[in-house]
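Below: one structure, written as structure tokens.
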Amino acid sequence: MTDPTSRDARRDQLVRFLASIQRPARPVAELGDDEHLIDSGVLDSMAILQVVMHLEQVHGVDLLARGVDPASLTSIGAILDVIEG
Amino acid sequence: MLARLGDLHENERVVRLAQEPIGQLLILGLGVLLLLHDTPSVLAAPVIVFASQWPERRRLVLSVAGVLTLVHAAWVGLRPVPELGSFEVLPWEAPGASFESLGAVALVLLVIAVTWAVAVHLPRLPGWLRRHPQLAWHAVILSFLGLACLHPGNALIQTLVYTVTFLTWRVAYLLKHAQAGLAGTRLVDHFFYLWPAWGGSRVPYGQGLQALGRREAGNDEELVRSQLAGLKLLLLAKLWLVVVSALKLFVLAPSTPDARVSDHNLGLPRLSSLIEGSHGASLGVAWLAVLIELVHVTLRLAVYGHVVIGCLRLCGFNVFRNTYKPLLAESLVEFWGRYAYYFKELMLELFFYPTFLRLKVGPRLRMFCAVFAAAFVGNLYFHLLLERGSMVSGDWAEVWRVLESRLVYCFFLALGIWLSMLRQQSRRGEPVDPRWHRRLLRIAGVWLFFGLLRIWNVKGDDLDLADRARFFVSLFGWPT
């Protein structure tokens, strides 16, 4: 059974969430961890807001307290780093 | 044919050919040809050629070109008019142009050097400054504005005001980058984009170094793909320019009575003359004028943005378009993002997110405050700074005349965006109804909203709030 706190499990959960808000470009699951979500056309910058809300509500991350700029949440890897940070 | 042209930069054969000397000659030749339109474009052409021939010195070439451009402006006292389709190498109301003085150019250099030094030393500055560099920067701008109001006619203070407002948003991006750390970057890396060569002194097209650097060509193939995408955009700009010219020639009544028009001109009144009341029209014609005005202004902005972004791409920065099919947007928030992408990004990064992150209230109220911070407060503040000329000369009546209708404009814009975002969120990721008639209805709704909103934003020397309100209610058949 997969550990729900493992990076892979968190990645799967994050990809499912991103798929629910993504634009009709290529599937988000096909993106590498370092690929830029906005540059690749998967998200627009307004959708980053929904990522911020997801981080706050599901993972209890306070970006302001952590000093994270929402504009830096632009790849799956970067978002996972914030979740695990 | 059009689809093939659209995918030009993805076509492997074309990309390979374009890397050959003959291909480069063709790309740059065509690019320069498309830019030979007016004086600023002629100035842009050699910069593009040099920047693409020495990619490793690209930022240096652009920095030097920026300095020379301003020196040239100061030398000849050139004050460019942002004509349709022109490449606005020179900024609006550049200090060099406004004051016809090389000293003003030196002042711009000094301000850039000082802000760069502040950005580099940001981690070692006192706590408040380190945490709130944006507030500190705007405090400096407002202090100079205040000083200029207290000492009207003081040339040095006025030049300072023009200089800092000239660089406002570019320095804002520099400071934002500085908060994330400037490691590995040099002054020249930040110098080239501080010149308002890309989009005048208003919105920095391409944003700051973080965004530009991410999209900068790192090898010949990336450069060629960027250049082909740039050529495509310049061609598109020409196409929209033809449509805009056709609108002026055959549809829209001339803006001045003595202007020459074609015998086949339909004489559709301009929105500004309808609001002024100088042109009587039936209800149907008034509505048509509202919608055609939206199309006209959108295409004009697209032409201008495509030329600027086209040039950036030819230089090797494959950045997003400023305008991307806004007339096909199916929601208000989508239109806002597609109409003027870089303005939206500016408002989002400097007003929306800081507000959203700081407020810990209910989700709807939180969103409301953040949207109003960006689309209302930020938008108003941005346009207030553009009225620097009236402010330094103490003409507060003119400042208020310009801002009073923008106040209404920004309020309804923010309200519309907020409601649109709530609607989008309530769908919880479910796709919208794809049937064509539903799609058409959504697009029509967007046109209607932004067409009506334009009434509060259309320019005209004699237009006041009462005129606009009178015209607005008359569209719904209410007596005025």
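The values are calculated or read from the model by the stated rules, or taken from the named source; none is laboratory data. All values reported here derive from a predicted model rather than from experimental measurement. Neighbour counts are summed over all protein chains in view; Cβ atoms, including those assigned to glycine, are modelled from backbone coordinates with ideal geometry.
Here are the numbers:
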| quantity | calculated |
| --- | --- |
| Test result for residue B:261, farther than 30 Å from residue B:465 by Cα and either among the β-branched types (Val, Ile, Thr) or at pLDDT below 90 (or both) | yes |
| Candidate set: the stretch A:7-37, residues that are touching a Lys or Arg at 6+ places or on another chain (Cβ under 8 Å) and in contact (Cβ under 8 Å) with a residue 24 or more places away in the chain; chosen: the one surrounded by the most Cβ atoms within 10 Å (Cβ to Cβ) | A:36 |
| Members of the stretch B:164-197 that are in contact with a Leu (Cβ under 9 Å, 6 or more places away or on another chain) and of a type in the set (Lys, Arg) | B:170, B:176 |
| Number of positions in the stretch B:112-152 that are in a helix (DSSP H, G or I) and closer than 22 Å to residue B:185 by Cα | 18 |
| Of all residues making up the stretch B:284-323, the number that are touching a Ser or Thr at 6+ places or on another chain (Cβ under 8 Å) and aliphatic (A, V, I, L, M) | 5 |
| Residue selected from the stretch B:153-189 under the condition loosely packed, with under 13 Cβ neighbours inside 10 Å and not in a helix (DSSP H, G or I), by the criterion farthest from the other protein chains (Cβ to nearest Cβ) | B:153 |
| Filter result for residue B:400 (of a type in the set (Phe, Trp, Tyr), closer than 28 Å to residue B:460 by Cα and in contact (Cβ under 8 Å) with a residue 40 or more places away in the chain) | no |
| Considering residues of the stretch B:385-409 that are touching a Phe, Trp or Tyr at 6+ places or on another chain (Cβ under 8 Å) and charged (D, E, K, R) only, the residue farthest from residue B:167 (Cα to Cα) | B:406 |
| Search result, residues across the stretch A:50-67 that are surrounded by fewer than 20 Cβ atoms within 10 Å (Cβ to Cβ), at pLDDT 80 or above and out of contact with any helix residue (DSSP H, G or I) (no Cβ under 6 Å at 6 or more places or on another chain) | A:53, A:56, A:57, A:58, A:60, A:62, A:65, A:66 |
| Which numbered condition residue B:6 fails, given (1) at pLDDT below 85; (2) surrounded by fewer than 18 Cβ atoms within 10 Å (Cβ to Cβ); (3) more than 16 Å from residue B:229 (Cβ to Cβ); (4) not hydrophobic (A, V, I, L, M, F, W, C) | (3) |
| Residue among A:42, A:51 that alone is more than 12 Å from chain B (Cβ to nearest Cβ) and under 27 Å from residue B:364 (Cβ atoms) | A:42 |
| Residues located in the stretch B:316-345, provided they are within 11 Å of chain A (Cβ to nearest Cβ), among the aliphatic types (A, V, I, L, M) and more than 30 Å from residue B:53 (Cα to Cα) | B:333 |
| Qualifying residue in the stretch B:406-424 (condition: buried (at least 16 other Cβ atoms within 10 Å of the Cβ) and polar (S, T, N, Q)) | yes |
| Residue list for the stretch A:54-83, restricted to those being at the interface with another protein chain (Cβ under 10 Å from one of its Cβ atoms) and among the hydrophobic types (A, V, I, L, M, F, W, C) | A:63, A:64, A:65, A:68, A:71 |
| Residue in the stretch B:410-420 that is of a type in the set (Phe, Trp, Tyr) and within 16 Å of residue B:334 (Cβ to Cβ) present | yes |
| Qualifying residue in the stretch B:438-445 (condition: more than 14 Å from chain A (Cβ to nearest Cβ), of a type in the set (Lys, Arg) and either farther than 15 Å from residue B:291 by Cβ or assigned to a helix (DSSP H, G or I) (or both)) | yes |
| The one condition in (1) within 13 Å of another protein chain (Cβ to nearest Cβ); (2) exposed (fewer than 15 other Cβ atoms within 10 Å of the Cβ); (3) assigned to a loop (DSSP other than H, G, I, E, B); (4) of a type outside the set (Gly, Ala, Ser) that residue A:4 fails to fulfil | (1) |
| Candidates A:75, A:40 - the one that is closer than 27 Å to residue B:431 by Cβ and in contact (Cβ under 8 Å) with a residue 40 or more places away in the chain | A:75 |
| Residue match in the stretch B:64-72 (condition: modelled with pLDDT of 85 or more and surrounded by 15 or more Cβ atoms within 10 Å (Cβ to Cβ)) | yes |
| Residue count, the stretch B:453-480 (criterion: crowded, with 19+ Cβ neighbours inside 10 Å, over 27 Å from the mean Cα position of the chain (by Cα) and farther than 17 Å from residue B:284 by Cβ) | 1 |
| Output for the stretch B:391-405, where each listed residue is crowded, with 17+ Cβ neighbours inside 10 Å and of a type in the set (Ser, Thr, Tyr) | B:405 |
